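Student: Just passing along the structure, written as structure tokens.
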Amino acid sequence: MTREGPAVLTGAMPMNMNHPAHRDLSRAAGAALPETAPPPPIVTDAPTTGASATPVERAEAGERWISKLLRGGAVCSGGLFLASLALEALPASEGVHVAIDVLRKGAASALLVTPVVRLVVAGTTLGIRGEWKYALYAAGVLGLLALAVGAGIHA
């Protein structure tokens, strides 16, 4: 059997050849070791949400989603309100008044919808983590909110 060149591995993990176990393997194979420093560890702040994630990591990932949703809702609402304030500087006309009214109603709606979305995300993440009791509480609160909104619309 002849070899035409070095084998190329795709998707292989790099090995730290300065690690004692790897150094012994490469010496046994007759390879020369480069004297380089080991690569720095890879550090990311992205949450691990795969099957290998611990319950604590999954909980932290859910809390990050909730904080991003709350922050995004507040920023969206504040931006809409600031835009309506900026329109106050324009000359008075019916179109400007309609735009101001729409922006302010949008800002108020964003403030009202943000906690509801937070409740949906919290209930979902609790269900994923297997905390069914609290997931049912979240579903119950959402049901009561839906009932109250439905009753308010028909009144």
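The values are calculated or read from the model by the stated rules, or taken from the named source; none is laboratory data. In this text, all values refer to a predicted model and were calculated from it rather than measured experimentally. Using ideal geometry, Cβ is built from the backbone for each residue, glycine included, and neighbour counts are taken over all protein chains shown.
Student: How do the pairs read when you match residues in segment 70-90 that are within 12 Å of Arg104 (Cβ to Cβ) with residues anywhere that are of a type in the set (Val, Ile, Thr) and surrounded by fewer than 12 Cβ atoms within 10 Å (Cβ to Cβ), using Cβ under 7 Å and keeping only pairs 6 or more apart or on different chains?
Tutor: Close Cβ pairs satisfying both conditions: none exist.
Student: Report the residue count in segment 107-155 for those that are of a type in the set (D, E, K, R), assigned to a helix (DSSP H, G or I) and touching a residue at least 40 places away in the same chain (Cβ under 8 Å). Outline the logic, then answer.
Tutor: Step one: list which residues in segment 107-155 are of a type in the set (D, E, K, R), which gives 118, 129, 131, 133.
In the following step, the residues that additionally are assigned to a helix (DSSP H, G or I) were identified as 118, 133.
So of that shortlist, the ones also touching a residue at least 40 places away in the same chain (Cβ under 8 Å) come out as 118.
Here the count works out to 1.
Student: So which residues in segment 101-115 are surrounded by 15 or more Cβ atoms within 10 Å (Cβ to Cβ) and either under 28 Å from Gly62 (Cβ atoms) or of a type in the set (S, T, N, Q) (or both), if there are any at all? Don't jump to the end; show me each part of the working.
Tutor: Taking segment 101-115 and keeping what is surrounded by 15 or more Cβ atoms within 10 Å (Cβ to Cβ), we get 103-104, 106-107, 110-111, 114.
Scanning segment 101-115 gives Gly106, Ala107, Ala110, Leu111, Thr114.
Student: While we're here: How many residues are farther than 16 Å from Val117 by Cβ, modelled with pLDDT of 85 or more, surrounded by 13 or more Cβ atoms within 10 Å (Cβ to Cβ) and among the hydroxyl-bearing types (Ser, Thr, Tyr) when one looks only at segment 47-100?
Tutor: 1
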